[in-house]
Amino acid sequence: MKTLLLLMLAMLLVSCGREENTECEQDNPPAECCYEGSPYCEPNNQNNTNNVNNSNNVNNSNNANNGCGACTEDQVCTSGGMCVDCIGDIDCTNNDDGRNTCTPNNECVQCIVEGNQGCDPDFPICVVDANDQETSCVKCGGNEDCGEVDASKCSDDQLSCEACVMDTDCEHLDNKLCENGTCVECRVATEATDCAGKGTGGVDSACLPDNTCGDTEAGTVTNCMPCEADGECAADHRCIAMTFDDPAQDVGSFCLRTLASGACQNPYRTPINRESLSGATAETYCGVAELLTTCPATLDLVTDKDCTMDDECGATGVMDGICGSLLGNMKCTYSCTDSAECSVSKPCSQTDGYCGGQ
């Protein structure tokens, strides 16, 4: 019978992966007394238990009489005989609170700051809560983690990237100005600074309606020439969206001179009252007769452009120009009802119905 008991004890020791430790029932036993499964040896004091704190160090409630016992159900035993939360991530998989990552200190946490371990693409940043020092996965740790111009600001709860509210929400991006919730390159009011040197060839350009800096040199576009912003137009001119015919067809935007800067001259004597492309308050400009012609057709007349057919005159794809006989030569012109709509040297012909006709 004694032999049988000794054999069973030996088997138990082998199953625990340990050799018998005679110090287990003595005061201050070695850490090797800790193991998984049924107790290897009973604690000397029933009130003495091994606990694992957040730093994963074993705390002994009775240092003077430190007996041994098994790890709790939510702990594992290290090769050195320490009861800890985990050895690897697999030991943390049963945590319902999201603490599924094992730290080098054998603690189950939601994530590890170094390398953002434990976080997924939706919430890729691991941060530490300043209050309880717990880690968690968030969308952003700060604005620098929000790289979209329409979502450059990290929310207060760090769970989303939001639209900017002020310029400082954009300072980490190339577009450093906040305009209506979007980080932009420029504003019309400050375009001289915002777009300095950003035009083609390094020239100063204008701020376009989409708050980007254009390619055209600021202040160089003359009367009835195409434009994208007021700042591109010469002095006393603004960029005005124009139409042709009835029903009206959009034909683009062109620089027109303000009536306030001086009386209108042929062939720009048709008043147009409109807001500018860059948002200047509506006022009257010296324009062309939009029911009859366009700026491109007018410029073809003024520059005495040669032609062989109507399609060669005026705006592309718009029936705004006429290839007609002017003093025996085929030149670009357009329909008119009054000489004020034509250049001074090519008055409106009531016979042919176009400027410069017979």
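The values are calculated or read from the model by the stated rules, or taken from the named source; none is laboratory data. Nothing here was measured: the structure is a model prediction, and the numbers come from that model. Ligands, DNA and RNA are stripped out before the accessible areas are found, and what is left, the full protein with its side chains, is counted by its heavy atoms. Shrake-Rupley method; radii C 1.70, N 1.55, O 1.52, S 1.80 Å.
For segment 293-358, averaging the sequence separation of C-alpha pairs within contact (under 8 Å, six or more residues apart) and dividing by the residue count gives a relative contact order of 26 percent. Karplus-based coupling profile of segment 190-202, in residue order and whole Hz: 10, 5, 4, 8, 5, 10, 4, x, 9, x, 4, x, x, with θ = phi - 60° in 6.51 cos²θ - 1.76 cosθ + 1.60 and x standing for Gly or Pro. Here segment 285-344 and segment 245-279 have alpha carbon centers that stand 16 Å from each other. Surface composition of segment 299-358: carbon plus sulfur atoms hold 53% of the accessible area, using a 1.4 angstrom probe and ignoring ligands, DNA and RNA. Based on alpha-carbon atoms, the Kirkwood radius and the radius of gyration of segment 149-240 give Rg/Rh equal to 1.11.
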